1. Being at pLDDT below 95, of a type in the set (Gly, Ala, Ser) and open to solvent by 50 Å² or more (accessible area, probe 1.4 Å) is the filter here, so list the residues in region A:210-236 that pass it.
2. Looking only at residues that are in contact (Cβ under 8 Å) with a residue 24 or more places away in the chain and more than 14 Å from every other protein chain (Cβ to nearest Cβ) in region B:192-207, which one is farthest from B:ASN152 (Cα to Cα)?
3. For region B:129-145, how many residues are out of contact with any Pro (no Cβ under 7 Å at 6 or more places or on another chain), assigned to a loop (DSSP other than H, G, I, E, B), at negative phi and surrounded by fewer than 24 Cβ atoms within 10 Å (Cβ to Cβ)?
4. With the structure loaded, tell me whether B:ARG143 is of a type in the set (D, E, K, R) and in contact with a strand residue (DSSP E or B) (Cβ under 7 Å, 6 or more places away or on another chain) or whether it fails that test.
5. Just to verify a result, which residue in region B:231-243, among those that are within 11 Å of another protein chain (Cβ to nearest Cβ) and either among the hydrophobic types (A, V, I, L, M, F, W, C) or assigned to a helix (DSSP H, G or I) (or both), is surrounded by the most Cβ atoms within 10 Å (Cβ to Cβ)?
6. Would it be correct to say that B:LEU228 is more than 11 Å from chain A (Cβ to nearest Cβ), closer than 21 Å to A:PHE141 by Cβ and free of Cβ contacts under 8 Å to residues at least 60 places away in the same chain?
7. For region A:1-97, which fully contained strands (runs of 3 or more DSSP E) count at least 2 residues that are within 21 Å of A:VAL193 (Cα to Cα), open to solvent by less than 40 Å² (accessible area, probe 1.4 Å) and more than 14 Å from every other protein chain (Cβ to nearest Cβ)?
Amino acid sequence: MSELKLKGVTVVDTFAEAFPMVGTRIIITAPTPEWALIAARTMTGFATSVIAAGAEAGIERTLSPDETLDGRPGVAVLIFTMDTNKLQVQLRNRVGQCVLTSPGSACFAGLEGEKKLKLGASLRFFGDGWQMSKKIGGRRFWRIPVMDGEFVCEATTGLTKKAVGGGNLLVLGKSRAAVLSACERAVRAIDEVPEVITPFPGGIVRSGSKVGSKYKGQIASTNDAYCPTLKAAVKTALPLEVEAVLEIVIDGLTKESIAKAMRAGIHAITDGGAEQGITHITAGNYGGNLGPHHFHLKEIIA
Amino acid sequence: MSALTFELKGKPDQRLDLSPLTPAKLKDLKANEIESLTIGTTRRKLAVGDAFKIKGNDAGSLRFVGTDGRCDKIGAGLAENEIVVDGDAGAYLGDAMKGGKIVVKGSAGVLAGASMSGGSIVIDGNAGERAAGIAVGETLGMRGGQLTIKGNAGPMLGERMRRGFVIVGGNTGDYAGGRMVAGTILFKRGVGRYAGYGMRRGSLIFVEEPKEVLPTFGDCGVMEFDYLRILERWLRSTGEHIGLGDRARRLMGDMAALGKGEMLIVG
């Protein structure tokens, strides 16, 4: 395997294998930035992996009052699933249970697109006949009476089928603390990139998975090749001195945005990484036969 | 290419039906064909060439100059492009129009924007009665688009309106929003009596407190409306600077009809 050193950290010549997803962006506004964040965090909670969470979702960025339709502080949320119907169900349930319920919130489309997902168009039924539809500047909004006034929700939001899920970086290092700190830097850098989210806790995954298992019905199981405790027993991918591995998974509205995010992540990790004990940056793939999008680390940092 | 301009030669001796003069109907006609179009409304025949001096050649952009209150049906059925009226317009301005834009520098007669379903009309002066109301033979009034009246509006504004947005800069007559089915009317100044009479759904937004409110409207008190914030910001983006704020008194009615309509009295 040919290898490349970046500021003393080995960048393995491999690629991240990613998959097509469907996704959308919605804008949540609230009376204060804090409440917009509360609604957004609640809505994107338990949305780490489509394996068992139904959707992958996260906060893309916060919005200032002059960036939102109603002039209040807002948050842009991205949500992804493997197909349109699932995305529709996830969107309805999450906005219905977490945004509609959040004090003072309003919810708007954040993506244009020929194909639409229902937003207020399905939540309006909560109004029990008292809901009102208002068209403003060609966009339809539903006003749903709630106990603190009205929940204003745009009727639909755009859908993209060009979204990509599963862009990733694996960070190997000589201590758990070093790897965690490097990954935290990477997530902060990726936060600045538009159109992407890192859906896992704090943007970081400790339990990378492989497809399948020795147990029937278990569709994914621990990625033993990267478990430091199993170096002696399995076909390990880890040098002996590597003590911990963490992964950053990136979902984005376009493949270009994923590449930008991975690039930002790699540079953040290598900045001071070697001194800290980071040894390798690599990426997860399944041999290249499962996902159509291949992000070669060498091309990304070129 | 300059705008196809129709300049009224003198005061016509009959009302004119200008509905044949829309960009879609004129785009394939030669100058002499346009001149021979009939626009009279009596037994005495009257052609375009008799009443108007024609200049320009771009049928995508029409201009009427020197028109008066007897020039009816300007822009009737308009679907796209723009018509500018440098003068007054008669009855049925933009009647049943579907799209495009009409700008009137003067005032308009009765039934301006009656049963229109899209596009926008801007009237710099006043509008007669039943603006955005029901055109003859229709069951509903305005069904979409936007009507801006910078001056005063006559009585029965938006009668049986179904959808769309009306702004009145001046005062409005009696029965504004009467029997309204849905849609929005924004009044920047005063309104006459019986606003919202028989209203089923829809919104009447008052910048000035109306002097008289029908007893069949019920008070919900004052509260915050995110809707007003969105509306104000959108209006600002279209060049209309109206301070709506985010608080309004809400009255629901007409309880003698369905009662799901609202009056929002801001400020």
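1. The answer is A:GLY217, and nothing else.
2. Per the criteria, the residue is B:GLY198.
3. Total meeting the criteria: 6.
4. Spelling it out, B:ARG143 is indeed of a type in the set (D, E, K, R) and in contact with a strand residue (DSSP E or B) (Cβ under 7 Å, 6 or more places away or on another chain).
5. B:LEU231
6. Judged against the criteria, B:LEU228 is not a match.
7. Strands (runs of 3 or more DSSP E) meeting the threshold: A:15-29, A:56-63, A:74-81.
The rows are residues; the columns are (1) in contact with a Gly (Cβ under 7 Å, 6 or more places away or on another chain); (2) at pLDDT 95 or above; (3) of a type in the set (A, V, I, L, M).
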residue: B:LEU186; (1), (2), (3): no, yes, yes
residue: B:TYR197; (1), (2), (3): yes, yes, no
residue: B:LEU204; (1), (2), (3): yes, yes, yes
residue: B:ASP219; (1), (2), (3): no, yes, no
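The values are calculated or read from the model by the stated rules, or taken from the named source; none is laboratory data. What you see is a predicted model; the values in this text were computed from it and never measured. FYI the Cβ positions are ideal-geometry reconstructions off the backbone, even for glycines, and counts take in every protein chain you see. For the accessible areas, the whole protein counts, side chains as well, though only heavy atoms, and no ligand, DNA or RNA atoms are used. Shrake-Rupley method; radii C 1.70, N 1.55, O 1.52, S 1.80 Å.
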